[in-house]
Amino acid sequence: MNEITLTVNGSVARVVVPARRLLSDCLRHDLGLTGTHVGCEHGVCGCCTVLLDGDPIRSCLMLAVTADGHEITTVEGLAGPGGELSPVQRAFHESHALQCGFCTPGFLCTVTALLRDNPAPTEAEALEGVSGNLCRCTGYQNIVKAVHRAAELTAEETGPDDDEAVR
Ligand code: FES
Ligand code: FES
């Protein structure tokens with residue numbers, strides 16, 4: 001067994017895990033963060049996507065011990081401190097970008113990182129950005145709409161008006 005330390009959604013967690021424990025299983029079973037979904041468990045579907053030091057990774061392809069000392073954000077960590085939805089979460093809600101919702105946590109993490117790196121993606125960039133996540137319900141059209149809506153909401157939140165308010 002191995003004792004590891006993870007910073008998950010801003011809180012430090014010490015966990016004792018077997019060497020072969022997947023990060024996805026550690027998050028779900030050891031830490032109770034069941035928002036991270038497991039679909040294929042071999043790196044194809046993207047349902048298990050979380051942010052590792054800000055970058056999206058498939059948590060079913062990483063051993064928990066490999067994540068020792070790193071910062072992880074799961075879907076539970078995307079909302080604000082008062083539980084207010086993030087721009088990406090609001091955009092998915094407004095755009096009806098989900099049906100069964102099984103794939104949604106992975107998409108939310110992927111799109112959060114996508115918009116951080118490219119705040120105003122083109123249609124092609126938005127499609128490319130979510131192409132590593134599989135959704136068997138929606139047909140992706142509303143998901144791509146949600147990416148653009150999230151970009152708008154993020155720009156509104158961080159726009160010049162906020163700068164004015166700070167001054
Ligand atoms: S469960 Fe990890 S990629 Fe499918
Ligand atoms: S909403 Fe059902 S798999 Fe995407």
Checklist entry - Going by average Cβ neighbours within 10 Å, how do the peptides 145-156, 33-44 rank, with the highest at the top? => result 145-156, 33-44
Checklist entry - Which value, in debye to the nearest 20, describes the size of the charge dipole of the range 2-77 about its Cα centre when Lys and Arg Cβ atoms bear +1, Asp and Glu Cβ atoms bear -1, and nothing else is charged? => result 180 debye
Checklist entry - For the chain, what's the relative contact order in percent, using C-alpha pairs closer than 8 Å and at least 6 residues apart? => result 23 percent
Checklist entry - Tell me, what is the FRET efficiency for LEU85 and ASP117 to the nearest 0.05, using R0 = 30 angstrom and their Cβ-Cβ distance as r? => result 0.90
Checklist entry - Considering every pair of different Cα atoms, what Kirkwood radius, in Å, is found for the chain? => result 16.4 Å
Item to check | Sorted peptide list for 67-77, 98-108, 112-122, criterion being average Cβ within 10 angstrom, highest first | outcome: 98-108, 67-77, 112-122
Checklist entry - Mind checking the angle between helix 141-158 and the chain's longest principal axis? C-alpha axes, 0 to 90 degrees, to the nearest 10. => result 80 degrees
Next on the checklist: Give me the net charge for the shell around ALA126: Cβ to Cβ below 13 angstrom, other residues only, Lys and Arg +1, Asp and Glu -1.
Outcome noted: -3
Next on the checklist: Suppose each label sits 7 Å from its Cα in the direction of the beta carbon; what would the ALA124-THR34 distance come out to in nanometres?
Outcome noted: 4.3 nm
Item to check | Relative contact order computed over the range 87-159 (Cα-Cα under 8 Å; 6+ residues apart), in percent | outcome: 55 percent
Next on the checklist: I want the antiparallel fraction of DSSP beta bridges within the chain, as a percent rounded to 5.
Outcome noted: 90 percent
Item to check | Estimated dipole of the chain in Debye, rounded to 20 [Cβ of Lys and Arg +1, of Asp and Glu -1, Cα centre] | outcome: 740 debye
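Bear in mind these aren't lab numbers, they're just calculated from the coordinates by the rules spelled out. Since the model is a prediction, treat every value here as computed from it, not as a measurement. Here the Cβ is made from the backbone with ideal geometry for all residues, glycine too, and neighbour counts use every protein chain on show.
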